[in-house]
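A short worksheet on the structure shown next.
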Amino acid sequence: MAIEAETESGELQLRLWRHQGALSAAALADRARWQLDGWLDQGESSRPSSGIVRLTLVPDEVVAASGRQLGLWGARNDRSEDVTRVVARLQAMLGPDSVTVPEYRGGLSPTERLRMVPAAVVDLGEERPAASRYWVEQPWPGQIPAPSPARIHPDPVPVDLVDRHGRSIGVNGRGELSGEPHTVHGRAAGNPFVGGGPMGHPSAGNRSRRIIRWAGPWPADQRWWDPLTRRRRARMQVVLEDDSAHLLALEHQVWSLEATYD
């Protein structure tokens with residue numbers, strides 16, 4: 001159902017609403033109100049400058065009812081209906097792509113395996129196989145082994161990985177480390193090494209942590225056939241002296257803290 005509103009000044013706003021069930025009169029009234037509320041809450045340059053003089057409901061697509069799987073007692077789950085209503089209202093206030101849900105995809109790193117997609121393109125009232133971590137069954141050579149990190153840092157923290165003699169450690173073309181990992185150094189203000197604290201905690205000075213266990217590296221050469229999008233990197237897991245576990249990544253000869261295991 002398309003809901004179109006026109007103001008006295010000739011401003012138009014059109015929004016398309018989709019619903020797999022039956023859009024009752026009350027449901028249509030709710031969506032019209034949410035749409036107009038969202039229009040009024042926009043910035044000065046986008047909100048209407050005069051009153052609404054015309055409101056039009058246009059059927060966009062009508063499909064035959066193909067049947068739905070009911071609950072054990074003959075009714076749908078009320079919670080799924082509540083979720084759908086909340087999502088629809090948020091979309092009306094913030095935009096159709098403002099509400100996202102997770103889906104598992106193929107990939108090598110944790111940031112690639114979990115993607116956020118707009119809730120508008122999925123049916124929240126139905127089972128979503130793509131929301132299961134077992135959705136992707138194909139092997140991905142070079143993938144970090146399970147379990148996945150609990151926290152993925154949106155802005156990886158640059159660090160230095162050195163051996164016991166303070167020499168920087170690299171990874172050669174055969175995926176071999178140039179030395180035995182011994183210490184991780186924070187590089188800048190805001191680095192993750194706070195005395196006794198967890199990684200990711202803000203700090204003013206550079207700190208270091210000794211490595212007590214490590215695994216890897218897992219090298220990856222992605223899109224090697226395209227010089228513009230080719231990406232070479234290596235990742236390894238480390239457990240530090242404070243018993244915190246992290247995922248480090250090496251790219252362009254720079255190590256960074258990519259994720260943390262809780």
- request: Return an integer: the convex hull volume of the alpha-carbon atoms of the range 2-67, in Å³ per residue.
  value: 85 Å³
Projected label distance in nm at Tyr134 and Leu57, using a 7 Å step from Cα toward the beta-carbon: 4.4 nm
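What FRET efficiency do you get for Asp41 and Val122 if R0 is 25 Å and r is their Cβ-Cβ distance, rounded to the nearest 0.05?
0.50
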- line: Expected vector for the range 175-182, Karplus 3J(HN,Hα) from phi with 6.51, -1.76, 1.60 and θ = phi - 60°, integer Hz, x for Gly and Pro, equals x, 10, 6, 7, x, 8, x, 10
- prompt: Of His165, His19, how do they rank once you tally other Cβ atoms within 10 Å and put the fewest first?
  reply: His165, His19
- prompt: Ranked by Cβ crowding within 10 angstrom, fewest neighbours first, how are Met93, Met236 ordered?
  reply: Met93, Met236
statement: To the nearest 0.05, the calculated FRET efficiency linking Gln253 and Glu8 through their beta-carbon distance, R0 being 51 Å, is 0.20
query: What is the calculated FRET efficiency for Ala29 to Ser50, with r their C-beta to C-beta distance and R₀ = 22 Å, to the nearest 0.05?
result: 0.45
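Each value in this text was obtained by applying a stated rule to the coordinates, not by laboratory testing. Given the structure is predicted, the values throughout are model-derived calculations rather than measurements. Ideal geometry is used to build each Cβ from the backbone, glycine not excepted, and the neighbour counts take in all protein chains shown.
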